[in-house]
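Notes follow the structure.
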Amino acid sequence: MKFTIMVNEGPYQHQSADSALQFARAVLAQGHEIFRIFFYHDGVNNGTRLSVPPADDRLIQKEWSELAKEHDLDLVICIAAAQRRGIMDEDEAKRQGLDANNIIEGFRISGLGQLIEGGIEADRTVVFGD
Amino acid sequence: MAMLHIVNKSPFEKVAFRSCLNHAKAGDSILMIEDATVGAIDGTSFSEKLKAALADKSVYVLGGDLAARGLSEDRMIDGIKAVDYAGFVDLTVENETTQSWL
Amino acid sequence: MATKKFMFVNRKAPYGTAYALESLEVVLISAAFEQDVSLAFIDDGVYQITKGQDTTGIGQKNFSNTYKALGDYEVNKLYVEKESLEERGLTQDDLMDLVWEDEDEDWTEKPSIIMVSRSEMADVMAEQEVTLSF
């Protein structure tokens with residue numbers, strides 16, 4: 001079965017990012033397919049590579065990144081939500097005339113249409129948020 | 001079409017859980033995750049409301065979230081089933097649609 | 001691309017958080033994908049479509065006019081729960097007059113707001129294929 005997962009909260013502030021990550025792992029472990037994971041609202045903060053939690057804490061962004069690499073996942077950050085919150089890839093930072101980018105490997109920035117397409121293409125859409 | 005209702009708010013703090021119970025239909029399933037898991041406990045100001053839902057709906061709790069809040073499964077209302085993340089995935093497969101009560 | 005029944009469930013007041021504003025952005029995109037779109041306003045979500053919103057005192061843009069534009073995007077099924085209004089001391093008169101123009105009936109203006117009871121709202125929710133909550 002094909003899943004689309006929506007993540008609406010950033011890591012650390014709300015458990016939903018952890019829940020979504022564990023759910024995604026369980027979906028894959030059971031042999032299902034993840035069509036797309038879409039990050040919206042503060043969920044876009046799951047895609048920064050500049051988080052430095054204490055050494056004994058989890059690094060959620062890196063866990064997403066590694067999961068994406070291992071399973072060739074499509075992790076999409078909403079561009080409108082990302083621009084508001086300062087999550088930038090190289091092209092977008094350049095386009096906006098900014099001096100830095102911060103997206104972590106395995107994520108890409110795209111439009112909200114990707115969420116709707118995810119809802120259409122997947123057999124199940126599951127939302128995690130606050 | 002059966003629906004899986006996913007609730008993540010404590011019924012003692014927010015109205016989301018009550019709202020979920022007010023809209024879920026007979027034959028639907030309700031899964032408590034995150035803070036909502038505290039609602040699974042018997043003998044609370046909320047437990048009668050959840051027991052009423054059990055008459056025609058299946059109710060589940062994500063065991064890891066309950067344990068994280070210092071609550072053991074033997075304190076749960078009779079009829080509520082504990083699942084792990086694999087069970088969570090199965091519930092999304094068994095029900096045609098899902099709705100998260102954020 | 002296939003057409004699915006999408007429902008956007010709004011349960012939060014506007015401005016206190018970004019959910020209402022960013023939910024609207026998703027609704028507009030879903031219309032561009034020509035999906036069968038419905039909106040549900042329950043609990044504090046009913047405050048999103050009250051009339052007379054004035055944000056001059058809070059430094060945020062008033063986006064309530066965007067709801068009035070939804071009809072132009074063929075988003076014309078806005079289900080509002082009567083009990084949610086009543087619990088908050090509101091009636092339909094407190095809500096914006098949201099309409100759409102029916103192309104098949106010589107662009108006659110029709111109401112977009114559909115008042116439903118709690119149990120009718122449950123029925124509408126049960127018919128959906130993709131439910132996104134904000």
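The values are calculated or read from the model by the stated rules, or taken from the named source; none is laboratory data. It should be emphasised that the depicted structure is a prediction, and the values quoted were computed from it without experimental measurement. Here the Cβ positions follow ideal geometry from the backbone for every residue, glycine too, while neighbour counts run over all protein chains shown. Only protein heavy atoms, including side chains, enter the accessible area calculation; ligands, DNA and RNA are left aside. Shrake-Rupley method; radii C 1.70, N 1.55, O 1.52, S 1.80 Å.
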Chymotrypsin sites (Phe, Trp or Tyr not before Pro) restricted to DSSP loop in region A:1-81 with at most 10 other C-beta within 10 Å: none
Vicinal HN-Hα couplings computed from phi for region A:96-110 (Karplus, 6.51 cos²θ - 1.76 cosθ + 1.60; Hz; Gly/Pro x): 8, x, 9, 8, 7, 10, 9, 6, 8, 4, x, 9, 9, 9, 8
Calculated FRET value between C:GLU86 and B:ASP42, using beta carbons and R₀ = 35 Å, to 0.05: 0.65
Chains A and C together, accessible area buried on both sides, 1.4 angstrom probe, square angstrom: 1700
Share, in percent, of DSSP beta bridges within chain A that are antiparallel, nearest 5: 5
Members of region A:1-30 that become less accessible by 50 Å² or more once partner protein chains are added (1.4 angstrom probe, chain alone as reference): A:GLN15, A:PHE23, A:GLN30
Region C:1-61 - Rg and Dmax from Cα coordinates, angstrom: 13.2, 44
Qualifying trypsin sites (Lys or Arg not before Pro) in region C:1-85, DSSP loop, other Cβ atoms within 10 Å at most 13: C:LYS51, C:LYS61
Rounded if a/c under 1.5, otherwise prolate or oblate - region C:5-133, Cα gyration tensor axes: rounded
Loop chymotrypsin sites (Phe, Trp or Tyr not before Pro), region C:35-128 (other Cβ atoms within 10 Å of the site Cβ: 15 or fewer; DSSP): C:TRP107
DSSP-defined antiparallel bridges as percent of all bridges, the protein assembly as shown, nearest 5: 10
Positions from region C:17-32 whose accessible area shrinks by 40 Å² or more when the full protein complex is built, not the chain alone, probe 1.4 Å: C:TYR19, C:GLU22, C:GLU25, C:VAL26, C:ILE29
Of all accessible heavy-atom area on region A:43-128, the percent that carbon and sulfur account for (1.4 Å): 44
Spread of Cα-to-Cα distances over 10 Å intervals beginning at zero, given as percent, for the protein assembly as shown: 5, 24, 33, 26, 11, 2, 0
Centre separation in Å (Cα based) which lies between region A:73-96 and region A:7-65: 16
Point-to-point label distance, A:ARG84-C:THR17, nm (Cα→Cβ direction, 7 Å offset): 1.2
Alpha-carbon centroids, region C:1-59 and region C:92-134: separation in whole Å: 12
Size descriptor, Kirkwood hydrodynamic radius, that averages inverse alpha-carbon separations across chain B, Å: 13.1
Two-site FRET efficiency, A:LYS2 against C:TYR73, from Cβ-Cβ distance with R₀ of 22 Å, rounded to 0.05: 0.20
Cα gyration tensor shape for chain A, rounded if a/c is under 1.5, else prolate or oblate: oblate
Helix-only CD estimate at 222 nm, as mean residue ellipticity for the protein assembly as shown, using -39500 (n - 2.57) per DSSP H run (n ≥ 4): -8500 deg cm²/dmol
Surface per residue (accessible, 1.4 Å probe) for the protein assembly as shown, Å²: 43
Cα→Cβ-extended label distance, 7 Å offset, between C:GLN53 and A:GLN13, nm: 2.0
Two-site FRET efficiency, C:MET115 against B:ALA2, from Cβ-Cβ distance with R₀ of 22 Å, rounded to 0.05: 0.25
Heavy-atom accessible surface of chain C: percent carbon and sulfur, 1.4 Å: 46
